[in-house]
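Input: a single structure, listed below in structure tokens.
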Amino acid sequence: MDNPLLKPYLLGDLALPNRIVMAPLTRTRAANPGHVPTALMGEYYAQRASAGLIISEGAWVSEAGQGWHGAPGIYDEVQGAAWARVTAAVRERGGRIFAQLWHQGAISHSSFFTDARLPLSASAINPEQQVHLAGGLVRTETPQAMTVADIVQTIADYRHASRIAKDAGFDGVQIQAGFLYLINQFLNVSTNQRTDRYGGSIPNRARLLFDILDAVLEVWPSERVGVKTGPMTNELGLFVANSSTLATAEYVYAKLNEYQLSHVFVMRQMADLSATPLAALAGDAVIVHFRAIYSGTMILNVGINPVHARELAAHDDRILVAFGREYIANPDLVERIRVGAVLNDQRPAGYYGSSPEGYTDYPFLPEEPPTILPKSGEAVLP
Ligand SMILES: Cc1cc2nc3c(=O)[nH]c(=O)nc-3n(C[C@H](O)[C@H](O)[C@H](O)COP(=O)(O)O)c2cc1C
């Protein structure tokens, strides 16, 4: 077999049949009052079970962590029982799945909360982003700055959600510490103006992440815990890279290197970096940069097609490649990569839909044509 993506990989103590990962993808098929995963979600993930590893869509660690209409939670027993049906469906098809633990912080809205309270974040600073409500996109509000008691509660919420994920039969968890969400609102100096031990210096801004990681590690062995983090965001609002963005990410990667984690999940650029302090990290430069700091397994992601993925995997034996949008459109992506088949077209209108359309109806490659057996009496050709 010459495609290195199709070689087995030992991720900690978890044997993967290939190096192709399904990236975490919010698909909003849990639009019910309890934020409970649905049977349709089980079908969707089971369709994709041939991935070396599935990372679930972001799942909120608490009611306070919510902020996207239709996304699921992983903080109560009902949600846990429903996730257990999802993990069982994946396992039945021979797959492996990690839960992505998510707290949206300020990327939320008072209308999500029964008492209309403002979302929580590091500081009372509007990150100037968009939020997905039931009725469409709205601007973020100015959040409430978390008290130390809120922080302590949030760390406990991650521990609790980790336990629910374990009881639900997940193979591990990934902490979403990147992009625009709570942990990155603490890491980012533009959204974190705290003057206590969770703000100011880089170690202080990173403290929430490492406190959360330590809490998660009380439940899971380190080789079953991954972290998604890095300097890349959408380069909009208060998430435009600043003079501390790269140094902060370097500090985080160096410290993560001390844990024997399952993986770090590395995003390539998601926006034009040319006028930013991250310009030198465009394209694959970000991978090279962080590989020099982090020596464990890296799952690489963003805008990587199967040909590029193969080159990356050939170059470094400790990398896996995650596909996001291609996994939305190709449930049998591994098989398509194996045979070099054309990929299905994307239907972005269904990304955040509410039905099977654009979700579980993407076609698989046709089955091999059935062998036609000779009629009795006909000669059987050698
Ligand atoms: C519809 C959609 C939903 C996403 N939801 C999540 C999510 O829940 N958690 C997360 O960390 N990233 C999320 N992402 C980012 C993807 O994991 C991935 O990084 C992105 O699609 C880029 O990879 P790609 O170029 O292979 O699609 C989402 C992306 C898309 C398109």
*asked:* I need the full set of residues from the range 330-353 which are more than 10 Å from the ligand (Cβ to nearest atom) and in contact with a Leu (Cβ under 9 Å, 6 or more places away or on another chain), in order please.
replied: ASN330, ASP332, LEU333, VAL334, GLU335, ARG336, ILE337, ARG338, VAL339, ALA341, LEU343
*Inside the range 156-201, can you point out the residues that are over 22 Å from ALA49 (Cα atoms), β-branched (Val, Ile, Thr) and within 16 Å of the ligand (Cβ to nearest atom)?*
ILE183
_Residue list for the range 17-74, filter: away from the ligand (no atom under 11 Å from the Cβ) and within 13 Å of the chain's Cα centre (by Cα)_ = LEU53, ILE54
*Within the range 329-353, work out how many residues are aromatic (Phe, Trp, Tyr) and in contact with a strand residue (DSSP E or B) (Cβ under 7 Å, 6 or more places away or on another chain).*
1
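Might you let me know whether the range 80-89 holds any residue that is of a type in the set (D, E, K, R), part of a helix (DSSP H, G or I) and under 21 Å from GLU223 (Cβ atoms)?
Filtering the range 80-89 for residues of a type in the set (D, E, K, R) gives 85.
Keeping just the survivors that are part of a helix (DSSP H, G or I) gives 85.
From the residues that got through so far, the ones that are under 21 Å from GLU223 (Cβ atoms) too are none.
No, the range 80-89 contains no residue that is of a type in the set (D, E, K, R), part of a helix (DSSP H, G or I) and under 21 Å from GLU223 (Cβ atoms).
Taking the condition in contact with a Ser or Thr (Cβ under 6 Å, 6 or more places away or on another chain), in a helix (DSSP H, G or I), in contact (Cβ under 8 Å) with a residue 24 or more places away in the chain and over 25 Å from ARG310 (Cα atoms), does TYR44 pass?
On the way: in contact with a Ser or Thr (Cβ under 6 Å, 6 or more places away or on another chain): yes; in a helix (DSSP H, G or I): yes; in contact (Cβ under 8 Å) with a residue 24 or more places away in the chain: yes; over 25 Å from ARG310 (Cα atoms): yes.
Criteria met by TYR44.
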*Which number in (1) crowded, with 16+ Cβ neighbours inside 10 Å; (2) on the phi > 0 side of the Ramachandran plot marks the one condition that GLY200 misses?*
(1)
*Could you tell me whether ILE293 is within 16 Å of the ligand (Cβ to nearest atom) and outside any helix (DSSP H, G or I)?*
no
*Among the residues of the range 263-290, how many are touching a helix residue (DSSP H, G or I) at 6+ places or on another chain (Cβ under 9 Å), within 15 Å of the ligand (Cβ to nearest atom) and small (Gly, Ala, Ser)?*
0
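The rows are residues; the columns are (1) at pLDDT below 95; (2) of a type in the set (S, T, N, Q); (3) assigned to a loop (DSSP other than H, G, I, E, B); (4) surrounded by 13 or more Cβ atoms within 10 Å (Cβ to Cβ).
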| site | (1), (2), (3), (4) |
| --- | --- |
| MET270 | no, no, yes, yes |
| ILE287 | no, no, no, yes |
| VAL307 | no, no, no, no |
| ALA313 | no, no, no, yes |
| ASP317 | no, no, yes, no |
| LEU320 | no, no, no, yes |
| GLU326 | no, no, no, yes |
| ARG336 | no, no, no, yes |
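The rows are residues; the columns are (1) closer than 19 Å to GLN176 by Cα; (2) among the hydrophobic types (A, V, I, L, M, F, W, C).
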site	(1), (2)
GLY73	yes, no
LEU133	no, yes
GLY136	no, no
MET146	yes, yes
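The values are calculated or read from the model by the stated rules, or taken from the named source; none is laboratory data. If you're wondering where the values come from, they're calculated on a predicted model, not measured in any experiment. Here the Cβ is made from the backbone with ideal geometry for all residues, glycine too, and neighbour counts use every protein chain on show.
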